[in-house]
Amino acid sequence: MGRIVVTGGSGKVGGTVIAVLLEAGHTILNLDLMPMTHPAVHTLKTDLTDSGQVFNALSGQWSLTEPFPEGLPPRPDAVIHLAGYARNMQVPDNETFRANTQGTYNIIDAACKLGVRKVIIASSITVYGISFAQGVVDYPSFPIDEDQDVNPTDAYAIAKLCNERIARGFATRYGTDIYSLRIGRVIGPDEYNQDIFYSYVHEPSQWKVHGWSYTDVRDLGGMCEAALRTNGLGFQVFNATNDTMTNLMHTEEFLREHYPQTPITRGMDKFEAPLSNAKIKRLLGFQEKHPWRKYFTLWDKKPVVRGENGDVS
Ligand SMILES: NC(=O)c1ccc[n+]([C@@H]2O[C@H](COP(=O)([O-])OP(=O)(O)OC[C@H]3O[C@@H](n4cnc5c(N)ncnc54)[C@H](O)[C@@H]3O)[C@@H](O)[C@H]2O)c1
C-alpha cells in the first residue's frame, strides 16, 4: 500500500486503474486537466507540459483539508503516468508529439529529482510501427515481443518511443525503477459486445493493426498493481496485453494462413495472442483475470456498422 500519483486519471484508462489501486488500499492523487469525480481521489488540475506545475504537484498536498496537516507533505511512493493524447489526429501531429514527449519528460524528471523510486509510464503497441503506418507494413516475425526492433513512423508512436528513451536515461542516471507498459487497444467491460470486438472475432483479417491482441482495462489495472509490487528491475519495457488472440482460430494456423512469409520464431500456445505478454507475466507475476471469451456473446454473424473511414473502433 502506498501513495500513488496517477496522471491522466480522468480518462478512459485512468478511472479503472484508479479503482483497482483504491481496492488494493493505495492513496491516490490525480493530476489531470479534466476533473474526475471520486470521493476518495483529489484531482489537482495540472498541465503536465509545464514543468513548474509538475514539480509543484509532486511535492504538494494529497487532498484539501482544513487545516492542512503539519510538516512537509509525504513524497509519492510511485507515479503512474497515463496523461496525454491517446492517439493521432486529436490535434495536429506536431502538438501530439510536443505534448506527449514534454509531459512525459516533465513527470519523469520531477519524479526522479524528488526521489520517487518507481515510475510506470503508458506506452503503446503502436511503437511496433504497424497500427498507424502509412499503407501496409508487416511484422518482421511472430510472436511480437519486446526484443523486436521498433521503427514507428507516425507522430504518436514516435513520441511513445522517445518517451521510452527518456525513461531509460533517467532510470540509469537516478537508479529509479521505470517500467514502460506497451498497452494494446484498451477494451472496457461494455465493449465486448459492441462492433469492435464483434469485428475482431468475425473479421480477423482486418486487425493486423491491433496485432489480434487487446488489453482489458481492468487487467491493465492489475498490470499497474503488479508493477507497483515488483522492485529493482531498473528500466523495463513490457507488452501490456491479454493472454489470448482475439479470434477463434489457432494462433499458428491463423498466422501461417495469412502471413506465410513471416517467420514464427518459437512454438506458440493454441490461442496465444501474437503480441506476447510472456515477459510481464514472468517478471511482474501478472495474471489475467478478464479473458475476452468470458464476456463475448456475439457468436452469430451479422453486418458490422462502420464509420466514414470504415472504422469500428
Ligand atoms: N485507450 C487505448 O486504447 C490506449 C492504447 C494504448 C496506449 N494508451 C495510452 O494510455 C494512456 C491513457 O489513455 P486513455 O485512453 O485513458 O486516454 P484518454 O484520452 O481517455 O485520457 C487521457 C487523459 O490525459 C489528460 N491529459 C491530456 N493532456 C494532458 C496534460 N497536458 N496535462 C494533464 N493531463 C492531460 C486528459 O485530460 C485525459 O483525462 C495514454 O497515454 C494513451 O496513449 C491508450
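The values are calculated or read from the model by the stated rules, or taken from the named source; none is laboratory data. Since the structure is predicted, the reported quantities are computational estimates derived from the model, not experimental observations. Positions of Cβ are generated from backbone atoms using ideal geometry, with glycine treated the same way; all protein chains shown enter the neighbour counts. When the accessible area is computed, the model is the full protein with side chains, heavy atoms only, and any ligands, DNA or RNA have been set aside. Shrake-Rupley method; radii C 1.70, N 1.55, O 1.52, S 1.80 Å.
Is there any pair linking a residue in segment 2-13 that is among the hydrophobic types (A, V, I, L, M, F, W, C) to one that is within 12 Å of the ligand (Cβ to nearest atom) and open to solvent by 10 Å² or more (accessible area, probe 1.4 Å), with Cβ under 6 Å and at least six apart or on different chains, and which?
Every condition considered, the pairs that remain are 13/82; 13/186.
When segment 150-173 is examined, which residues are found to be open to solvent by 30 Å² or more (accessible area, probe 1.4 Å) and farther than 20 Å from residue 275 by Cα?
162, 165, 166, 168, 169, 172, 173, listed by residue number.
Of everything in segment 109-129, what is of a type in the set (Val, Ile, Thr) and under 12 Å from residue 156 (Cα atoms)? Give them in sequence order.
125, 126, 127
Just to be sure I understand, how many residues within segment 31-49 are open to solvent by 60 Å² or more (accessible area, probe 1.4 Å), near the ligand (Cβ under 6 Å from one of its atoms) and among the charged types (D, E, K, R)?
Just the residues of segment 31-49 that are open to solvent by 60 Å² or more (accessible area, probe 1.4 Å), to begin with: 33-35, 37-40, 42, 44-45.
From what is left, the residues that are near the ligand (Cβ under 6 Å from one of its atoms) are 33-34.
From what's left, among the charged types (D, E, K, R): none.
Final tally of qualifying residues: 0.
If you check residue 187 against the conditions, is it touching a Phe, Trp or Tyr at 6+ places or on another chain (Cβ under 6 Å), within 12 Å of the ligand (Cβ to nearest atom) and either closer than 16 Å to residue 109 by Cβ or touching a residue at least 12 places away in the same chain (Cβ under 8 Å) (or both)? Don't jump to the end; show me each part of the working.
Numbers: touching a Phe, Trp or Tyr at 6+ places or on another chain (Cβ under 6 Å): yes; within 12 Å of the ligand (Cβ to nearest atom): yes; either closer than 16 Å to residue 109 by Cβ or touching a residue at least 12 places away in the same chain (Cβ under 8 Å) (or both): yes.
Against the criterion (touching a Phe, Trp or Tyr at 6+ places or on another chain (Cβ under 6 Å), within 12 Å of the ligand (Cβ to nearest atom) and either closer than 16 Å to residue 109 by Cβ or touching a residue at least 12 places away in the same chain (Cβ under 8 Å) (or both)), residue 187 qualifies.
Is there any pair with a first residue in segment 42-57 that is free of Cβ contacts under 8 Å to residues at least 12 places away in the same chain and a second that is among the acidic types (Asp, Glu) and near the ligand (Cβ under 10 Å from one of its atoms) whose Cβ atoms are under 6 Å apart and which are 6 or more apart or on different chains, and what are they?
Between residues of segment 42-57 that are free of Cβ contacts under 8 Å to residues at least 12 places away in the same chain and residues that are among the acidic types (Asp, Glu) and near the ligand (Cβ under 10 Å from one of its atoms), the close pairs are 53/47.
Would you mind stating whether residue 171 is out of contact with any Pro (no Cβ under 6 Å at 6 or more places or on another chain), free of Cβ contacts under 8 Å to residues at least 60 places away in the same chain and not β-branched (Val, Ile, Thr)? Explain how you work it out, then say what you get.
Values: out of contact with any Pro (no Cβ under 6 Å at 6 or more places or on another chain): yes; free of Cβ contacts under 8 Å to residues at least 60 places away in the same chain: no; not β-branched (Val, Ile, Thr): yes.
Considered against the rule, which asks whether it is out of contact with any Pro (no Cβ under 6 Å at 6 or more places or on another chain), free of Cβ contacts under 8 Å to residues at least 60 places away in the same chain and not β-branched (Val, Ile, Thr), residue 171 comes out as no.
Residues of segment 8-21 being within 13 Å of residue 79 (Cα to Cα) and either out of contact with any strand residue (DSSP E or B) (no Cβ under 9 Å at 6 or more places or on another chain) or more than 6 Å from the ligand (Cβ to nearest atom) (or both), which ones? Reasoning before the result, please.
Of segment 8-21, the ones within 13 Å of residue 79 (Cα to Cα) are 8-9, 14, 17-18, 21.
Hits for segment 8-21 are 9, 17, 18, 21.
Of all residues being closer than 27 Å to residue 10 by Cα, polar (S, T, N, Q) and free of Cβ contacts under 8 Å to residues at least 60 places away in the same chain in segment 217-249, which is surrounded by the most Cβ atoms within 10 Å (Cβ to Cβ)? Just the residue, please.
242
Taking into account only those residues within segment 54-83 that are under 26 Å from residue 179 (Cβ atoms) and surrounded by fewer than 18 Cβ atoms within 10 Å (Cβ to Cβ), which is farthest from the chain's Cα centre (by Cα)? Steps first, answer last, please.
As a first pass, look at segment 54-83 and keep what is under 26 Å from residue 179 (Cβ atoms): 54-60, 62, 73-83.
With the extra rule that they be surrounded by fewer than 18 Cβ atoms within 10 Å (Cβ to Cβ), the set shrinks to 55-56, 59-60, 73-75, 77.
On the way: 55: 23, 56: 25, 59: 25, 60: 26, 73: 29, 74: 27, 75: 24, 77: 20 Å.
My answer is 73.
Does any residue of segment 250-264 turn out to be part of a loop (DSSP other than H, G, I, E, B) and buried (at least 20 other Cβ atoms within 10 Å of the Cβ)?
Filtering segment 250-264 down to residues part of a loop (DSSP other than H, G, I, E, B) leaves 250, 259-263.
Those still in the list that are buried (at least 20 other Cβ atoms within 10 Å of the Cβ) too: none.
No: segment 250-264 contains no residue that is part of a loop (DSSP other than H, G, I, E, B) and buried (at least 20 other Cβ atoms within 10 Å of the Cβ).
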